[in-house]
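Quick notes on the structure that follows.
The values are calculated or read from the model by the stated rules, or taken from the named source; none is laboratory data. This is a predicted model, so every value here is computed, not measured. Using ideal geometry, Cβ is built from the backbone for each residue, glycine included, and neighbour counts are taken over all protein chains shown. Accessible surface areas use protein heavy atoms only, side chains included; no ligands, DNA or RNA. Shrake-Rupley method; radii C 1.70, N 1.55, O 1.52, S 1.80 Å.
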Amino acid sequence: MPSKKALVRRPSPRLAEGLVTHLEREEIDVGLAVEQWEAYVEALRAHGWETVEVEPADDCPDSVFVEDTVVMYRNVALITRPGAESRRPETAGVEEAVARLGCSVNWIWEPGTLEGSDVLKVGDTVYVGRGGRTNAAGVQQVRAAFEPLGARVVAVPVSKVLHLKSAVTALPDGTVIGHIPKVDRPSLFPGFLSVPEEAGAHVVLLGGGKLLMAASAPKTAELLTDLGHDVVTVDIGEFEKLEGCVTCLSVRMRELYV
């Protein structure tokens, strides 16, 4: 039976110190960010997701972006080794959380680096972005962990954005969507659909045909609604200033043994 659990992690009081790679640094309103995070979590709950809050990591400014710390495939949790060294302390609390949920736990080992926002799963195809935060050894270790379970792992170059899922995500039918100026190789994705806004490339599949999107992509929301999708929007503007998006604020766990 499919599970609908989502790992989330409360923003650190030091959120404003979070890393910025491809954007100019802007001032962060931490109080507003907490409100936006709470609304995001409530949107998950309102659509049937049981949220599991990982122990806060207050000394880690980027820890709210919990997706970067673990990659799920079926019942296997692959604990990452972030390419940003300052983020490596974030993984311990996540490892504890997934172990309590009964996951089989594996790890990325040195010299490999991997951040979970570089991994896009479409059915049994696992796309792994090779870029600034995930290296070739990390990609190889994803193959070693998931291919014996039936996955097909495809490495994808990432140079224009922070992570692969900053550029592309997928609709419920498997169509990969992205904003062309931010996608290195659209031809790697069968059935690629171009969307008009960068933030429009980021969707979370809530189930029942519903898509969670950022409120900052109204043209894409209109396009996807016209294509028959049921769009739910949330304001995550403070996290977008730190190159965050709707996908990286949670880890959706759909195939736990329940």
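Sequentially through the stretch 142-156, phi angles give Karplus couplings (6.51, -1.76, 1.60; θ = phi - 60°) of 5, 4, 4, 7, 9, 5, x, 8, x, 7, 10, 9, 10, 7, 10 Hz, Gly and Pro residues having no value and appearing as x. All C-alpha pair distances within the stretch 156-249, sorted into 5 Å bins from zero, spread as 3, 15, 28, 27, 18, 8, 1 percent across the bins.
Computed over the chain, the alpha-carbon pair-distance distribution with 5 angstrom bins reads 1, 6, 14, 19, 22, 19, 13, 5, 1, 0, each value a whole percent.
So what is the accessible area of the chain per residue, in Å², with the probe set to 1.4 Å?
Values: 10770 Å² over 258 residues.
With all protein chains present, the chain gives 42 Å² per residue.
Computed over protein heavy atoms with a 1.4 Å probe, the carbon and sulfur contribution to the accessible area of the stretch 65-206 reaches 52%. In the structure shown, the pairs K121/K182; K121/K219; K219/K241 are assessed against 22 Å; a Cα-Cα span above that value is assigned to K121/K219. Each peptide in 17-26, 35-44 receives the mean, over its residues, of other Cβ atoms within 10 Å, and ordering these scores from highest gives 35-44, 17-26.
The stretch 154-192 to the stretch 50-115: how many Å between their Cα centroids? That distance is 23 Å. For the chain, relative contact order (Cα pairs under 8 Å, six or more residues apart, normalised by length) works out to 23 percent. By the Stokes-Einstein formula, at 1.567 mPa s and 4 °C, the stretch 122-200 with its Kirkwood radius over alpha-carbon pairs has D equal to 100 µm²/s.
Remark on the stretch 52-134: ratio of C-alpha radius of gyration to 2.2 N^0.38 Å is 1.03.
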